[in-house]
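The values are calculated or read from the model by the stated rules, or taken from the named source; none is laboratory data. Since we're looking at a predicted model, the values are computed, not measured. Glycine also receives a Cβ, built like all others from the backbone with ideal geometry; neighbour counts cover every protein chain displayed.
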Amino acid sequence: MITFTLNGRKVEAEKGTTILEIAREEGIDIPTLCHHEDLLPYGACRVCVVEITRGKRKRVVASCTYQAEEGLVVDTNSERALNVRKGVTELLMARHPNVKIIKELAAKLGIAEPNPRFSVENDYCILCGMCVRACREIVGAHAINFAERGVTRRVSSPFSEAAGDCIACGTCVYICPTKIITMQDVADGGAVYPGGRDSLGPRRIIHTWKVNAEMVPCRVCKRPFTTQAKIEFMQKRAQVPVPIEELTICPTCKG
Ligand code: FES
């Protein structure tokens, strides 16, 4: 265990715990954008910054990645930390003025309008990387990644083509904080041609990654609920063989 000072109070914590985790346990609100408790700490957005003092040295650190240390003094709301948070949020407001979580964060910090110093864009991906990290860390599929650098950095399927390793599980869709990744389950994902149409049956389409995946119906209720690619992926990754019956019953029918 270590003891340190958090907003003027002595606090005990397990060694290796981040300042953010301890602050949340203590009921202290620190805003975050790229942090998710099911993912590894990432430290990209910097809205979670706090000011720390160690001896005579003060500095601002990302609370989601910085582990508390014995004797550390932490101020989650110092003027310097708040200024950094505001600066970062103003930049985010300029680039993503219509993203709900950015508008909420800005309102919390008293920012009503995008700062006129910055040119305003209308991008919905805030580059938090949650979709990329969830696909890698939770699912293990590694189907999407960041592409390019600097101002043109974006999340993409390989070469912007259909994501061949995507199993259409939808994890990226659920975790995306701005809901810019779109997914649709359709009764028949066939293609229409001038001379007729191909019937492909129930499909899950993830438009963002150009994926059109075959869906599998539940053995009990017959409702399409998962994808063939996901079933095959789970069978391949399982340490012990999983009977196909186990994988083809929907959560509702499993109870
Ligand atoms: S939440 Fe800590 S850097 Fe993004």
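Some points to look at:
- Test result for Val88, buried (at least 18 other Cβ atoms within 10 Å of the Cβ), within 12 Å of the ligand (Cβ to nearest atom), in a loop (DSSP other than H, G, I, E, B) and among the hydrophobic types (A, V, I, L, M, F, W, C): no
- Taking region 175-204 as the range and being assigned to a strand (DSSP E or B) and either among the β-branched types (Val, Ile, Thr) or on the phi < 0 side of the Ramachandran plot (or both) as the test, the residues that pass are Met183, Gln184, Asp185, Val186, Val192, Tyr193, Arg197, Arg203, Arg204.
- Only a single item in (1) touching a residue at least 24 places away in the same chain (Cβ under 8 Å); (2) closer than 30 Å to Ile28 by Cα is not met by Glu79, and it is number (1).
- Number of positions in region 1-16 that are surrounded by 14 or more Cβ atoms within 10 Å (Cβ to Cβ) and out of contact with any Lys or Arg (no Cβ under 7 Å at 6 or more places or on another chain): 6
- Test for Ile249: is it surrounded by 11 or more Cβ atoms within 10 Å (Cβ to Cβ) and part of a loop (DSSP other than H, G, I, E, B): yes
- Looking across region 17-31, the residues that are within 17 Å of Val84 (Cα to Cα) and either surrounded by fewer than 21 Cβ atoms within 10 Å (Cβ to Cβ) or touching a helix residue (DSSP H, G or I) at 6+ places or on another chain (Cβ under 8 Å) (or both) come down to Asp29, Ile30, Pro31.
- Boolean, Val216 is in contact with a strand residue (DSSP E or B) (Cβ under 8 Å, 6 or more places away or on another chain), in a helix (DSSP H, G or I) and of a type outside the set (Phe, Trp, Tyr): no
- Taking region 36-59 as the range and being aliphatic (A, V, I, L, M) and buried (at least 19 other Cβ atoms within 10 Å of the Cβ) as the test, the residues that pass are Val47, Val49, Val50, Ile52.
- Residue that is farthest from Gly87 (Cα to Cα) [pool: residues in region 32-57 that are in contact (Cβ under 8 Å) with a residue 24 or more places away in the chain and more than 8 Å from the ligand (Cβ to nearest atom)]: Asp38
- All positions within region 130-146 that are assigned to a loop (DSSP other than H, G, I, E, B) and buried (at least 20 other Cβ atoms within 10 Å of the Cβ): Ala141, Ala143, Ile144
- Check on Ala62, within 14 Å of the ligand (Cβ to nearest atom) and in the same structural domain as Asp38 (by TED's automatic domain parsing): yes
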